[in-house]
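Asks: Quick one: the structure is below, and I'll ask about it shortly.
Bear in mind that the values in this text are calculations on the coordinates, not laboratory data. As the structure is a prediction and not an experimental result, all values here were calculated from the model. Please note: Cβ atoms are built from the backbone with ideal geometry, for glycine as well, and neighbour counts cover all protein chains shown.
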Amino acid sequence: MNTMFSEIAWLIPLFPFVAFLLLLASGRSGQGLGVTIGTVGSLASLVLSILVLMEHMSDGSKYYQDGFKWIDLGSFQLNIGYEVTNLSALMLVVVTAVSFLVNVYSAGYMKGDERISTFYSYIALFTFSMLGLVLADNMLTLYIFWELVGVCSFLLVGFWFTKPAARAAAKKAFIVTRIGDAGLLIAILLLFWYMPDHALDFVRIENVFEGQSGTVAAGVTTLIAILIFVGAVGKSGQFPLHVWLPDAMEGPTPISALIHAATMVAAGVYLVARTFDIFQASPAAMETVAYVGGFTALFAATIGIAQNDIKRILAYSTVSQLGYMMMALGLGSLTGGIFHLFTHAFFKALLFLGAGSIIHAVHTQNINEMGGLGSKMRITAWTFGIGALALSGIPPFSGFWSKDAILTTALHENPVLFVVGIIAAFFTSFYMARLFFLVFTGRPKGEGRIHESSLTMTIPLIILAVFAIGAGFVETPWNNTLGEWLTGAAGADHSGSGLVMVVSTAVGALGIYLGWLVFVKGTIARDAVSSRAPWLVGLLERKYYIDEIYAAVIVKPLRGLGSLLNAIDQYIIDGIIAIIGGTAVLLGRGGIRLQNGQVQTYGLITVLGLVILIIAVVGRRFWS
Amino acid sequence: MLSSYLMVAAILFCIGLYGALVKKNAVIVLLCIELMLNAVNLNLVAFSKYGVGASLTGQMFTLFTIAIAAAEAAVGIAILIALFRARGTVNVDDYDEMRR
């Protein structure tokens, strides 16, 4: 077994890190270099990642782990290291590929931005942290990179910090994911407490929890699994912590593609996949994951219908697709979840970059102000269409195969979630049809000349479109390559997948047809629903009032508590300090007045002191 | 008998102390200090006559004290006159050199 490239896998995250350091060091003088350094760094990682992946594909399941001792505390030892499994090798390629394409794309999209160098350094830092997260071999290392990724997300969402909305979105993204991070931290502490030898590395976690050996009590296992899932919920934008993801669309569009569609939000799914044995040891946790995922998939898909901002529609579709992945993991299908993550990364990055190309051309994000772009932006239109079809689950595009894998599992395991998945798939294809038809067909609405974006922006679109078509064939009902390679077990049960394929295709096609009827042909009036049930449309447009509910239930009481604590600080704590200070000042003033140079005063005080002394001495004799 | 002497001496001392601390005229302050000294002398004499180990040593000591008190009064008056020449006042409130 040759592990040549896996042995140097630690170099993969280092390339972008070096790029980040270089850009940081060059400061303002490096404005022109940003693009080159960032792109070269990510290209180097991409090449090495592909080599590692090929090595892993060549002769079956392979594993490489290396690291060094970080902290030695008595019997406990903490290592920092990396490990390359088939799962992480796959993730490496996904992350570096999307990162590289986003780097190329941003050269066109961010052209002329005066902070483009900073932008590239942030992307490089993000790529570094994400790759570190993927390669981490224990929970603590993973947590460190997990937080770094969160910081990068904060920096990039708030990249245009002069916009108040971007500032608010960055803060929201940071604070909301922090709630999830707290859960993950507690889970890690619990693991540390209950694991034999306080081991935190994934290998030993796997050994302990595999087959429910009972080393860790069932209740604790469930608690740990749920808390890890809370972390994943925060990062992957699952209900109820999904609120930050749509707001994060205030960041530059390439960032939305890289972080908030393809890679970072997948970190939650990756985390659950990585600690899958803990989840499998606890049926209750698995059920929670499945139901939260299923609910999020449907919930976000319905919101997507009523949004008007092109990026927000895609954001809600991301939330919804991540729900699918979680549902697959919760139903026990590691392959399904990771497969969907893999295909979704490509077609969602494609959709976001396509949206960026559109926004770049028309300078608006409202789809009602667009129209008729299809003839003017042919490449964008075609590639966007491919992405939309892949997302809608139309064969033979990649999304079809991965969604099919998930739905087949759901049909076997839990018919309720199967129905939920099918309904969500219908809504998905409907809102994508709405988006596509409103933007690319019909009459142009905006003024000014609209032209296709530059080559640096269209080439990544074409490459991603190729992946969006082809990536699905690694795992089909007749071909379990990915599943066997990923889990090492024989292929999943595919009986009944024929039915699933027919149903999901039919539902997807129905959604698109309905979208065509409403938004192109006009057979069904566009206000058919809004005129009859305005409350329903309002409910969807306001995203089920989740933000408002949070503001009323959580933000306001916390603000109240904050101002109360502030008042305590200001009046009680500061008051005590003011009293102490005032006493010292008063004492000083008294001291000054005593020093008046009058011998008689000094004498008087001396006498008084003597009298007090005598009283004390005599008094002691009387009272003691 | 002893306690009467001591009582008179104590009263004398207190009057002296009061005057020394309160009076504004420097000459009176000086006189009050003499009063306090004499209260001490009275004590010494009383103890030498009626004390437990009565002896003449106390009275001898008193003579010395009177002599030294006379010298001290002379020095005090001299300083006071010098001060009066320099400052033009005998009010002790105006003597606040120690403040500076």
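Asks: Note the per residue figure in Å³ for the convex hull of the C-alpha positions in the stretch A:322-461.
Replies: 97
Asks: Just tell me the longest site-free run in chain A, where the sites are GluC sites (Glu not before Pro) in a DSSP loop having at most 15 other beta-carbon atoms within 10 Å.
Replies: The longest such stretch corresponds to A:211-446.
Asks: Let me ask something else. Would you mind computing the Rg to Rh ratio of the stretch A:186-284 from its alpha-carbon coordinates, Kirkwood style for Rh?
Replies: So for the stretch A:186-284, dividing Rg by the Kirkwood Rh gives 1.08.
Asks: Among A:TYR64, A:ALA509, A:LEU608, whose Cα sits farthest toward the positive end of the charge dipole of chain A (+1 at Cβ of Lys/Arg, -1 at Cβ of Asp/Glu, about the Cα centre)?
Replies: After comparing all options, I get A:LEU608.
Asks: I need the Kirkwood Rh of the stretch A:548-623: take the reciprocal of the average 1/r across all distinct C-alpha pairs and report it in angstrom.
Replies: Mean inverse Cα-Cα distance, inverted, gives 17.6 Å.
Asks: Using the 2.2 N^0.38 Å rule of thumb for compact globular proteins, work out how the stretch A:195-352 stacks up: its C-alpha Rg over that value, please.
Replies: The reported ratio for this selection is 1.07.
Asks: Still on this structure, please answer the following. Return the FRET efficiency for the residue pair A:VAL466, A:ALA182: r is the Cβ-Cβ distance, R0 is 45 Å, and the value is rounded to the nearest 0.05.
Replies: 0.65
Asks: Just need the relative contact order of the stretch A:282-541 here, percent rounded to a whole number, with Cα pairs under 8 Å and 6+ apart.
Replies: Result for the stretch A:282-541 is 25 percent.
Asks: Would you mind pulling out the separation of the Cα centroids of the stretch A:36-110 and the stretch B:25-100, in Å?
Replies: Between the Cα centre of the stretch A:36-110 and that of the stretch B:25-100, the gap is 99 Å.
Asks: With a point put 7 Å past each Cα toward its Cβ, work out how far A:TRP160 is from A:ILE612 in nm, to one decimal.
Replies: 7.2
Asks: Report, to the nearest 10°, how far helix A:556-567 tilts away from the longest principal axis of the Cα atoms in chain A, using its own Cα long axis and a range of 0 to 90°.
Replies: Once rounded, one gets 20 degrees.
Asks: Once Lys and Arg get +1 and Asp and Glu get -1 on their Cβ, which of A:THR118, A:PHE467, A:ILE80 lies farthest toward the positive end of the dipole of the protein assembly as shown?
Replies: My answer, from the dipole projection, is A:THR118.
Asks: Another question, if that's okay. Based on alpha-carbon positions alone, could you give the equivalent ellipsoid semi-axes of the stretch A:394-459 from the gyration tensor, as √(5λ), descending, whole Å?
Replies: 36, 16, 7
Asks: Moving on to the next point. Choose one of A:LEU53, A:THR39, A:LEU14: the residue whose Cα lies farthest towards the positive end of the charge dipole of the stretch A:1-140 (beta-carbon charges +1 Lys, Arg; -1 Asp, Glu; about the Cα centre).
Replies: Among A:LEU53, A:THR39, A:LEU14, the one farthest towards the positive end of the dipole of the stretch A:1-140 is A:THR39.
Asks: Another one. Compute the acute angle (0 to 90°) between the alpha-carbon long axis of helix A:574-594 and the principal axis of greatest extent of the alpha-carbon atoms of chain A; round to the nearest 10°.
Replies: Helix A:574-594 sits at roughly 30 degrees to that axis.
Asks: Moving to a separate point now. Counting pairs of Cα atoms in the stretch A:141-180, how many percent are more than 10 Å apart?
Replies: 66
Asks: Note the full-extension length gain between A:TYR550 and A:HIS451 as 0.36 nm times their separation in residues minus their Cα-Cα distance, in nm to one decimal.
Replies: Computed gain between A:TYR550 and A:HIS451 is 31.4 nm.
Asks: Could you give the size of the charge dipole of chain A about its Cα centre, using +1 on the Cβ of each K and R and -1 on the Cβ of each D and E, expressed in debye and rounded to the nearest 20?
Replies: 2340
Asks: Still on this structure, I have one more. Could you estimate the translational diffusion coefficient of the stretch A:282-541 from the Stokes-Einstein equation, with Rh from the Kirkwood formula over C-alpha pairs, at 25 °C and 0.890 mPa s, in whole µm²/s?
Replies: 133
Asks: Could you give the longest part of chain A that holds none of the trypsin sites (Lys or Arg not before Pro) found in DSSP loops with at most 13 neighbouring Cβ atoms within 10 Å?
Replies: Longest run free of exposed loop sites: A:112-448.
Asks: Right, here's the next one. Helix A:310-330 against the longest principal axis of chain A: what's the angle in degrees, Cα atoms only, rounded to the nearest 10?
Replies: Result, in degrees: 90.
Asks: Two decimals is fine: what is log10 I(q)/I(0) at q = 0.18, 0.23 Å⁻¹ for the stretch A:84-155, from a Debye sum with one equal scatterer on every Cα and no solvent?
Replies: Taking Cα atoms of the stretch A:84-155 as identical point scatterers yields -0.73, -1.01.
Asks: Then there is this: Return a whole-number percent for the relative contact order of chain A, with Cα pairs under 8 Å and 6 or more residues apart as the contact set.
Replies: 11
Asks: Beyond 46 Å, what percent of the Cα pairs of the protein assembly as shown remain?
Replies: That tail contains 40 percent of the Cα-Cα pairs.
Asks: Please report, in Å, the Rg and the Dmax of chain B, where both are computed over Cα atoms only.
Replies: 16.5, 51
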